[in-house]
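First up is the structure itself, then whatever we jot down about it.
The values are calculated or read from the model by the stated rules, or taken from the named source; none is laboratory data. Given the structure is predicted, the values throughout are model-derived calculations rather than measurements. Glycine gets a Cβ as well: all are built from the backbone with ideal geometry, and neighbour counts include every protein chain shown. For accessibility, only protein heavy atoms count, side chains too; no ligands or nucleic acids. Shrake-Rupley method; radii C 1.70, N 1.55, O 1.52, S 1.80 Å.
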Protein chains: 2
Amino acid sequence: MDKGNIHHHHTGKSHKSCVSLVPMFNHLEDEQLDEIMGATQSVSYKKNELIYHAGDESDSLYIINKGKVRIYRLAESGKEQLVRILNPGDFTGEMALFSESTHESYAEAMVNTKICLIKRSDLQEFLVKYPSVSLKVIAEFSNRLEASEKQTTRFSTEKVETRIALYLAESLDQEGTGTIEFTLSMSKKDLASYLGTTPETISRKFNDLEERGYIKQITHKRIKIVDLDGLLLV
Amino acid sequence: MDKGNIHHHHTGKSHKSCVSLVPMFNHLEDEQLDEIMGATQSVSYKKNELIYHAGDESDSLYIINKGKVRIYRLAESGKEQLVRILNPGDFTGEMALFSESTHESYAEAMVNTKICLIKRSDLQEFLVKYPSVSLKVIAEFSNRLEASEKQTTRFSTEKVETRIALYLAESLDQEGTGTIEFTLSMSKKDLASYLGTTPETISRKFNDLEERGYIKQITHKRIKIVDLDGLLLV
DNA sequence: CGGGACATTGAAATTACTCAACTAAGGTGG
DNA sequence: CCACCTTAGTTGAGTAATTTCAATGTCCCG
């Protein structure tokens, strides 16, 4: 439906930050960066706008320049699952770019968001011209695949409580070592969707973990890890 | 532990079939195929031998030439999850090749199996030299990622019964249109592991589906789909 | 300050797992 | 080629985990 076309800025030439941020390109020389930037288009989306949705046919790579994007899928049952949240420098759309011709997931701007677009044909040209970029792309895919398979295994073999504990522990290391307190990067509703459970269960399990002395809920979104080792043995 | 080194054949120069089977390479000219084949080593594994296991550091891509290989993961809880089964032409080991330096999963020969190995350095050289191969690799990753994310979503949002129904339906279309009967490609024990449930539940759900008239169990491994539409509405 | 979404809580219901006992099948060596 | 042994599969009963539904509380943003 509304795909944001109304409020797009087309600058033709976009900010360098768009491209130079991305691991995929950040090893390139200035000259090569300029070349990509020339093929890049900048588009803005308002909070809650859909960037693409399942069934759309895709012909571009989307790089987040500013803002936050939520990637989710709908199951056969109609339930929604949050797949990941993209921050500046992250990209999406690759699926449809390289294999399937239509998107299987939904991308939604969580806040006002600026995105850089690269057309499939331009990108492929680039990949053939600079093979080192392909290697980066492969590495990125490899990491995502690894993460996705790990997630699948967790869903199929761990109970909700364990999945939550592992999630909290991993959130903690992302904050840097020594940190013991952090802010959840998403609402508990989204967290429930991400971890394959319900908000009610999240709420109850957080309470359990607090009662058992593993964590402390400072506020709804602020969590303190009191006993990391204990948490990991849950 | 036993990684098969005792019974390996090293032919130095392996069968063309090894390489030409793989989608990744099958578009290449004979001359280029020869070049890859030169960098390829053939290794054999006996039934039940481990080809690699989590924690091994990897430096090769494994292409199945003959046989069948089971890729599985162990969860933090110690439970095993079957990730996929590889047949001739499929490959694995790419994870450790491009990003992580150690395997996160286990690969086990299900029957006597012949594998072609390509060393990381040779492969990377090749990818840089023939960019079209990279594009194929990217496409392959993209497909796998898509499949893995779909699986994750199913685990997190569908009940076991639905996952089984979807699995059966998909097994059916792989057999070709018009087919109505097929043989399960793995044991029900493995199927349970693959679908994130237990053999007991598989057994019971199969019975349910049969009682409700959606399928018929000809033998333990032979399944007839009686009412595909009904099955998909489960 | 009010409204709407998010979050929490309780109670009931569902779903799947575990454990244990039993049966069936398949492959191996005699 | 058959008997045997091992592994796979089934069935039942009890239990654990999580979801669902409904009611209520709370936060935050405009």
What's the number of the condition A:Ser142 fails, among (1) part of a strand (DSSP E or B); (2) touching a Ser or Thr at 6+ places or on another chain (Cβ under 7 Å)? (1)
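Could you name every one of the helices (runs of 4 or more DSSP H) located completely within the stretch A:30-131 that has at least 3 residues being within 14 Å of chain B (Cβ to nearest Cβ)? Write out each step before concluding.
Values: elements: A:30-38, A:94-98, A:120-129.
Passing ranges, in order: A:94-98, A:120-129.
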Taking the stated definitions as given, is A:Lys205 more than 9 Å from DNA strand C (Cβ to nearest atom), under 17 Å from A:Thr162 (Cβ atoms) and either surrounded by 14 or more Cβ atoms within 10 Å (Cβ to Cβ) or of a type in the set (Ser, Thr, Tyr) (or both)? yes
Please identify the pairs in which a residue from the stretch B:192-207 that is touching a residue at least 40 places away in the same chain (Cβ under 8 Å) and within 11 Å of B:Lys159 (Cα to Cα) has its Cβ atom under 7 Å from the Cβ atom of a residue that is open to solvent by less than 60 Å² (accessible area, probe 1.4 Å) and not in a helix (DSSP H, G or I), counting only partners at least 6 apart or on another chain. B:Gly196/B:Gln81
Checking A:Tyr167 against (1) within 15 Å of DNA strand D (Cβ to nearest atom); (2) in contact with a Lys or Arg (Cβ under 8 Å, 6 or more places away or on another chain), which single condition isn't satisfied? (2)
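Can you say whether B:Lys114 is outside the structural domain of B:Arg212 (by TED's automatic domain parsing) and open to solvent by 60 Å² or more (accessible area, probe 1.4 Å), as far as the supplied structure shows?
no
State whether the residues of the stretch A:158-165 include one that is within 30 Å of B:Pro199 (Cβ to Cβ), in a loop (DSSP other than H, G, I, E, B) and without any contact (Cβ under 8 Å) to a residue 40 or more places away in the chain.
yes
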Restricting the first residue to the stretch A:166-179 and requiring it to be open to solvent by 80 Å² or more (accessible area, probe 1.4 Å), which pairs with a second residue that is at pLDDT 80 or above meet a Cβ separation below 6 Å and a spacing of at least six or different chains? A:Glu175/A:Phe182
Of the conditions (1) surrounded by fewer than 20 Cβ atoms within 10 Å (Cβ to Cβ); (2) modelled with pLDDT under 90, A:Glu94 fails just one. Which one is it? (1)
Mind counting the residues in the stretch B:164-190 that are within 12 Å of DNA strand C (Cβ to nearest atom) and within 14 Å of chain A (Cβ to nearest Cβ)? 2
Somewhere in the stretch A:76-88, is a residue buried (at least 20 other Cβ atoms within 10 Å of the Cβ) and under 29 Å from A:Gln32 (Cβ atoms)? yes
